[in-house]
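Here the structure is laid out as structure tokens; the discussion comes afterwards.
The values are calculated or read from the model by the stated rules, or taken from the named source; none is laboratory data. Note that the structure is a prediction, hence the values are computed from the model and not measured. Every residue, glycine as well, gets a Cβ built from its backbone with ideal geometry; the counts of neighbours run over all protein chains shown.
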Amino acid sequence: MKKRIVRYFKHLFFTFLVLTITAISFGLYHGASLQYGDHPARMNLNKEGPYVFYETDSTLSVNYLNGSKDDGFYTTKETFTVNDTITAHCYFPLEETNFHFTISNTIKTPPSVYDDEQPIIAISDIESGFKCFRDFLINHKVIDTKLNWIFKKGHLVLVGDFVDRGFSTTQVLWFIYKLEQDAQKHGGMVHFIIGNHELKNMQAKFGAAAQKYLAVSAILDKQQYQLYNQQSFLGKWLSSKNTIEKINGHLFVHGGIHPEVAALKMSLETMNRISRAHYYKAYFPQPQQTPAQLLTSTRKGLSWYRGYFREDISQTQIDAQLKTFEAKSVVVGHTLQSKVKRFFNGKVVAIDVKHPKDYSKSWPNASSEGLSIDHTAMYRLLNDGTRIKL
């Protein structure tokens, strides 16, 4: 009897062990990770900012948060005219460092197509990770250690979802803004492609935002949606960005291009114009699907589509899409991969990987990756500066 009980529990233990190993293996294969070791600085709101708002059509206020939970919080505020060039800084609590930049009210909608044969570096889904984003750019010589642009006339393409799921959203957005200004001075270009999480923030869907930003808005005496609405500088800037661009023959879009979207045979400029007009309008399906409904759909829309990785599209359809847009390939984020890789005979390039978080560790350790396109060659870019030809 005793042996039978021991044997039963032994079988039970090994069954549990096999199931556990299988579950862990399945999770790791699909990008799951265990986060631990949260750093207390993640909720440090002292020196947080700037948060910039339009007070009137002709004035801007620049706000910084100060204080602590124990001593209480307050804001400092300066008002400028829209014609002023505003000197600003952004504080990164984890390292107690600042970066500096200037804010100009001149916000222009970028073109949809570029053709200049300059090199391209692309990265996506940073998800509020300032440190890993900055270090990746340093290691691949886009910027130097002082955050100065050194990529000459190159294209840095940010393929959506640079906000949410982290505690450095403000730092990441102002860093992108700074990079834009610096790149333009050297003839380079930063392309910020809108992803579904940028849309969520513009549409006041904060389910994936860190609790920190609810506290930020409260201290500013605002509702959270006001951080990115059309009366905020960052909201106005975000709403000027495109959803899809073609750079040196390669399409860049966060989610992908559903066959029904491709069948519209719209120009990229028209697709972007319609998308921008709906950035602040939440999508809900309607009986009659208009082109705008397709472009902004949370299943088929440019910032949401996942069909490249769910076997509901064929090589023939991919080839037809690229022929329609006179493109060589389409580069996407949105759908998590174990590494940067190519699909559909190299015509679809997926670059969404699990990046490290600023204020926590993970198991297994995450490591940033990106993509380089130099003339006809593509390279997988590792976090340490290594380039691997795809």
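Data overview
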{"read-out": "Residue list for region 181-234, restricted to those being closer than 18 Å to Ile126 by Cα and among the aromatic types (Phe, Trp, Tyr)", "value": "Phe192, Phe206, Tyr213"}
{"read-out": "Near pairs, Cβ below 9 angstrom, 6+ apart or cross-chain, from region 351-362 (closer than 16 Å to Ala210 by Cβ) to any residue that is at pLDDT 95 or above and assigned to a strand (DSSP E or B)", "value": "His355/Ile123; His355/Glu369; Asp358/Phe92"}
{"read-out": "3 or more residues within 17 Å of Leu158 (Cα to Cα): qualifying strands (runs of 3 or more DSSP E) within region 315-390", "value": "329-332, 348-350, 369-374, 377-382"}
{"read-out": "Odd one out for Ser168, checked against (1) buried (at least 22 other Cβ atoms within 10 Å of the Cβ); (2) not assigned by TED's automatic domain parsing to the domain that holds Asn196", "value": "(2)"}
{"read-out": "Matching residues, region 121-141, being surrounded by fewer than 24 Cβ atoms within 10 Å (Cβ to Cβ) and touching a strand residue (DSSP E or B) at 6+ places or on another chain (Cβ under 6 Å)", "value": "Ile121, Leu137, His140"}
{"read-out": "Filtered residue count, region 45-62, keeping only those that are surrounded by 19 or more Cβ atoms within 10 Å (Cβ to Cβ) and not in a loop (DSSP other than H, G, I, E, B)", "value": "5"}
{"read-out": "Residue in region 189-204 that is over 22 Å from Pro50 (Cβ atoms) and over 13 Å from the mean Cα position of the chain (by Cα) present", "value": "yes"}
{"read-out": "So Phe101, is it assigned by TED's automatic domain parsing to the domain that holds Pro356, farther than 25 Å from Asp374 by Cα and surrounded by 18 or more Cβ atoms within 10 Å (Cβ to Cβ)", "value": "no"}
{"read-out": "Selected residue (only one of Ser267, Ser303, Ser297, Ser240 is among the small types (Gly, Ala, Ser), surrounded by fewer than 17 Cβ atoms within 10 Å (Cβ to Cβ) and over 30 Å from Thr56 (Cβ atoms))", "value": "Ser267"}
{"read-out": "Failed condition for Pro93, given (1) touching a strand residue (DSSP E or B) at 6+ places or on another chain (Cβ under 9 Å); (2) in contact (Cβ under 8 Å) with a residue 24 or more places away in the chain; (3) not assigned by TED's automatic domain parsing to the domain that holds Tyr177", "value": "(1)"}
